[in-house]
Amino acid sequence: ILFSPHSSSQDIHDLICQVAQVRRASKISLKSRNGCHVPIVPSMPQNSVDSPYTVSVTKPADTESEVQALTAVLSKVGEQFNRAFKMENFRTELDKRLNMIEKRLEAESLKLVEIEKCKKDISEVRDQVWQHGRKINQSPSKNLQIQQLLCSVNGELIKVTDARRNAPLYAKVLFLY
């Protein structure tokens, strides 16, 4: 096996597994001719025909442990996806609620504008009524206008006079018993 010094330990491990025709999950150890352990790293000493390395392969205990490990990993990934989707659903729901609140605020602000317009109109009408009443009160001929009202009864014009003026004045008398 040839590898560059820039290869990783996992790359060298995978190459050895491929040549030995074992699964990548298998444990591999290299031993020198003296029985010393040789680490699988890019800086390991080069072997030769005179000093070959012995490859010891320890296969995984059983495939059930791999299946269990894979199942555990997949369940964790599934949980992460569920959390991500729940967060996305939460964000969507929150966005919908915020939009509804914004629409309510806009409607309320429009109502507030209409109320302000109505208040302004009411104050204008009050001012107009007050000004008109003031003009009538300031008119010197107001009492004359009221006294000179004419009514039509059976086709005849009758002058309406103030009833208070037609009432005779009596002296006030005090009786003592």
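The values are calculated or read from the model by the stated rules, or taken from the named source; none is laboratory data. Only a predicted model underlies this, so the values are computations on that prediction, with no experimental measurement involved. Note that we place each Cβ from the backbone using ideal geometry, even for glycine, and neighbour counts take in every protein chain shown.
In the range 58-76, the residues that are within 18 Å of C17 (Cβ to Cβ) and at pLDDT 75 or above form Cβ pairs under 6 Å with partners that are of a type outside the set (V, I, T) and surrounded by 10 or more Cβ atoms within 10 Å (Cβ to Cβ), at six or more places apart or across chains, as follows: T58/K27. On inspection, E66 qualifies as out of contact with any helix residue (DSSP H, G or I) (no Cβ under 8 Å at 6 or more places or on another chain), of a type outside the set (G, A, S), surrounded by 12 or more Cβ atoms within 10 Å (Cβ to Cβ) and outside any loop (DSSP other than H, G, I, E, B). Here N47 does not fit the description of being part of a helix (DSSP H, G or I), among the polar types (S, T, N, Q) and either touching a residue at least 24 places away in the same chain (Cβ under 8 Å) or surrounded by 10 or more Cβ atoms within 10 Å (Cβ to Cβ) (or both). Assess whether I146 counts as being at pLDDT below 60, outside the structural domain of A25 (by TED's automatic domain parsing) and surrounded by 10 or more Cβ atoms within 10 Å (Cβ to Cβ). It is true that I146 is at pLDDT below 60, outside the structural domain of A25 (by TED's automatic domain parsing) and surrounded by 10 or more Cβ atoms within 10 Å (Cβ to Cβ). Select from the range 1-25 the residues that are in a loop (DSSP other than H, G, I, E, B), under 51 Å from the mean Cα position of the chain (by Cα) and either at pLDDT 85 or above or among the polar types (S, T, N, Q) (or both) and list them in ascending order. Of everything in the range 1-25, those that are in a loop (DSSP other than H, G, I, E, B), under 51 Å from the mean Cα position of the chain (by Cα) and either at pLDDT 85 or above or among the polar types (S, T, N, Q) (or both) turn out to be S7, S8. Checked against (1) without any contact (Cβ under 8 Å) to a residue 12 or more places away in the chain; (2) over 30 Å from V67 (Cα atoms), Y53 passes all but a single condition, namely (1).
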